[in-house]
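Read through the structure below, which is laid out as C-alpha cells, and then see the notes.
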Amino acid sequence: MAQKRLSMKKNMEILRLRYELSKSEREIRTMLSLKSKTTVHRCLQRAENAGISWPLPEGTTEDSLEQMLFPAQPASNSDKAPLDFPYIHERLQHKDATKMYVWELYSEANPENHYKYTQFCELYNRWSGRLNYSMRQTYKAGEKVFVDFGGEMSVLNKDTGEFQKAHIFVAVLGASKYTYVEAVFSQDLPSRIKVNRHMLEYFGCVPEIIVPDNLKAAVEKACRYEPVVNRTYLEFASHYSAYVAPTRPYEPKDKALAENGVKLVKRWILIRLRDRIFFSLDELNTAIRELLEKFNAKLMKKIGKSRKELFESLDKPAMNPLPEIPFEYAEWKIVKPGPDYHVSFEKHLYSVPCTLKGRHLEIRATDTLIEVYLKDRHVCSHKRSRKEHGCTTLIEHMPENHKAVAGVTPESLIRQA
C-alpha cells in the first residue's frame, strides 16, 4: 500500500532541524515521532536533488515547497486502450463481478495495448473517488432497496380549511439508483406496509433485501447487531421472498443511499411542488409520479446513463418476480387468555379453547379475520368484529360444565318450569 505523504510542515521542520540545529536523522525521527526509519532520509535526499538549501528562500510556501520536493511527472504519450469508467462501474454491480473479471474482459478486447491489472485498478479507484459517497458504493444488481421517510408536503382539507401534513416515502435501489416516491399521512405500520407494497408494484419485481431505518414502525427493538424487526414487516417480506435488514442505530453511512435519495427528491421533485396547493393525497401523489418519471429518466452525468436505463439492464433482470396474490396486511399481538378463556383485540373479546387458559398466544388480525396461534400452530379463527366491548364465543371452546348451560336464559328456564 502506498505510504501517505508527509505534510509540508513536517518536511520544513526536518530541514530546519537538520541544517539549522545539526540534528542526526535518528534524533529528528524521535523528535517528530516518525514511525518510518527512512522518512527523514528520503526528505533530505529529495531536498538535495531539488537543490533546496537552508534557510528556505523568502516567500516559500507549503505549496511551492511541495512542487520543489515532488515535481509533477511529465505526461506520457500512452498508447494504452482507454478505459470506459462508467461501463466498468456498471459491470462491477452485476452479481459476483470482480475487478479481475472486468479487467480480463478489457484485456481480451485489447490484447496488444491494455493496462496491467494494477494500473487498471488504480485508475478506476481514482475515477470512482470523484463520485459522491452513495454513488461510490458497489451494490450488486437486484440485491438491496433502501427505504426511508424524508421531507414533508401539505394537503388542504376542503371541509375544515386546514392543512394536513403528508410524509414523503423514498425508496432507492442499490445498483441502479432507480427511485420510488409516495406521500402518506402517517408513518405508522399500516402506512409503511402500504407504501412498501406500492414500491414493489412500481418496480414490478422484488429485490433480495429491504433496508429500512430503525423507525419504531419497522423495528420493535433497535440493536447494533441483532435488531428485532416487527412481525408484520417480517411477514410482508416473507410473502415477497425478501429479507429485512435494518440499518444500525446512529450509523448514517449504512443508509447513505437513502439519505442521498431523499436529498435528491427534495431538490428535484418536492421543490417543484412547493408553490402548488393540493386538495387530496391522490392529487399530490399524481403530481409526484409525473415528476418521478422524469427524474428516473434524467441522465446521470457521472455515469452517462439514466436510472431507468440502469434499472432495465442491472436490477430488473436480477430481481425476483412479484407473487400472484398481493400481501394482505395483518397485525400481530401477544395475548394471554384469562379464566374466561377469551382474548381481547381492539376492545372485543374472542374465545379460545379453554385448555389454553393462561398460555401465551399470538393473534393475527386481518381486515376480516382474527386468527389465534400457539407458537406456530393455528388454534382457531373468528370473523373480525368492530363492536367495542362485545364478545364472540364458540361453544366448542367451552368446558363441559359451560356447554351444559350454554344458551340458557331466564325465559327458557321459565318455560321448562
From the set of residues in the range 290-308 that are free of Cβ contacts under 8 Å to residues at least 40 places away in the same chain and not small (Gly, Ala, Ser), which is farthest from residue 201 (Cα to Cα)? 301
Quick one: residue 402 ticks every box in (1) touching a residue at least 40 places away in the same chain (Cβ under 8 Å); (2) part of a loop (DSSP other than H, G, I, E, B) bar one, so which box is it? (2)
Out of (1) of a type in the set (A, V, I, L, M); (2) under 23 Å from residue 241 (Cα atoms); (3) in contact (Cβ under 8 Å) with a residue 12 or more places away in the chain, what's the single condition that is false for residue 325? (3)
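Rundown of residues vs (1) without any contact (Cβ under 8 Å) to a residue 12 or more places away in the chain; (2) assigned by TED's automatic domain parsing to the domain that holds residue 119; (3) touching a helix residue (DSSP H, G or I) at 6+ places or on another chain (Cβ under 8 Å), yes/no style:
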site	(1), (2), (3)
16	no, no, no
19	no, no, no
28	no, no, yes
38	yes, no, no
41	no, no, yes
46	no, no, yes
51	yes, no, no
54	no, no, yes
65	no, no, yes
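From the list 267, 289, 307, pick out the single residue that is crowded, with 18+ Cβ neighbours inside 10 Å, basic (Lys, Arg) and either under 24 Å from the mean Cα position of the chain (by Cα) or at pLDDT 95 or above (or both).
Numbers: 267 fails: crowded, with 18+ Cβ neighbours inside 10 Å; 289 fails: crowded, with 18+ Cβ neighbours inside 10 Å.
On inspection, the qualifying residue turns out to be 307.
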Out of the residues in the range 47-71 that are among the polar types (S, T, N, Q) and part of a helix (DSSP H, G or I), which is nearest to residue 20 (Cα to Cα)? 49
Please name all residue pairs, on different chains or six or more residues apart, with Cβ atoms under 8 Å, provided the first residue is in the range 357-377 and is over 22 Å from residue 339 (Cα atoms) and the second residue is modelled with pLDDT under 90 and hydroxyl-bearing (Ser, Thr, Tyr). 366/329; 367/329
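Being out of contact with any Phe, Trp or Tyr (no Cβ under 7 Å at 6 or more places or on another chain) and of a type in the set (A, V, I, L, M, F, W, C) is the filter; apply it to the range 373-386 and report the residue that is nearest to residue 352 (Cα to Cα). Give the steps one after another, and end with the answer.
So in the range 373-386, the residues out of contact with any Phe, Trp or Tyr (no Cβ under 7 Å at 6 or more places or on another chain) come out as 373-378, 380-381, 383-386.
Subset that is of a type in the set (A, V, I, L, M, F, W, C): 374, 380.
On the way: 374: 11, 380: 7 Å.
Within the range 373-386, the match that is nearest to residue 352 (Cα to Cα) is 380.
Can you find even one residue in the range 239-259 that is hydrophobic (A, V, I, L, M, F, W, C) and exposed (fewer than 14 other Cβ atoms within 10 Å of the Cβ)?
Step one: of the range 239-259, the residues hydrophobic (A, V, I, L, M, F, W, C) are 242, 244-245, 256-258.
From the residues that got through so far, the ones that are exposed (fewer than 14 other Cβ atoms within 10 Å of the Cβ) too are none.
No: zero hits.
Answer yes or no: is there a residue in the range 253-264 that is part of a helix (DSSP H, G or I), acidic (Asp, Glu) and either at pLDDT 85 or above or more than 25 Å from residue 211 (Cβ to Cβ) (or both). Before the answer, list the steps.
As a first pass, look at the range 253-264 and keep what is part of a helix (DSSP H, G or I): 253-264.
Going one step further and asking which of them are acidic (Asp, Glu), we end up with 254, 259.
From the residues that got through so far, the ones that are either at pLDDT 85 or above or more than 25 Å from residue 211 (Cβ to Cβ) (or both) too are none.
Looking for residues that are part of a helix (DSSP H, G or I), acidic (Asp, Glu) and either at pLDDT 85 or above or more than 25 Å from residue 211 (Cβ to Cβ) (or both), one finds none in the range 253-264, hence no.
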Among (1) over 23 Å from residue 190 (Cα atoms); (2) in a loop (DSSP other than H, G, I, E, B), where does residue 328 come up short? (1)
So which of 157, 214 is over 13 Å from the mean Cα position of the chain (by Cα), modelled with pLDDT under 90 and more than 30 Å from residue 86 (Cα to Cα)? 157
For residue 220, which of the numbered conditions (1) assigned to a strand (DSSP E or B); (2) at pLDDT 85 or above fails to hold? (2)
Residue 314, sole failed condition from (1) in a helix (DSSP H, G or I); (2) without any contact (Cβ under 8 Å) to a residue 60 or more places away in the chain; (3) more than 26 Å from residue 367 (Cβ to Cβ): (2)
Tell me which residues, restricted to the range 174-191, are under 18 Å from the mean Cα position of the chain (by Cα) and closer than 13 Å to residue 327 by Cα. none
Restricting attention to the range 359-378, and to residues there that are buried (at least 17 other Cβ atoms within 10 Å of the Cβ) and touching a helix residue (DSSP H, G or I) at 6+ places or on another chain (Cβ under 9 Å), which single residue is modelled with the highest pLDDT? 372
Please work out which one of (1) aliphatic (A, V, I, L, M); (2) in a loop (DSSP other than H, G, I, E, B); (3) at pLDDT 85 or above is the condition residue 75 fails and give its number. (3)
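The values are calculated or read from the model by the stated rules, or taken from the named source; none is laboratory data. Since the structure is predicted, the reported quantities are computational estimates derived from the model, not experimental observations. Positions of Cβ are generated from backbone atoms using ideal geometry, with glycine treated the same way; all protein chains shown enter the neighbour counts.
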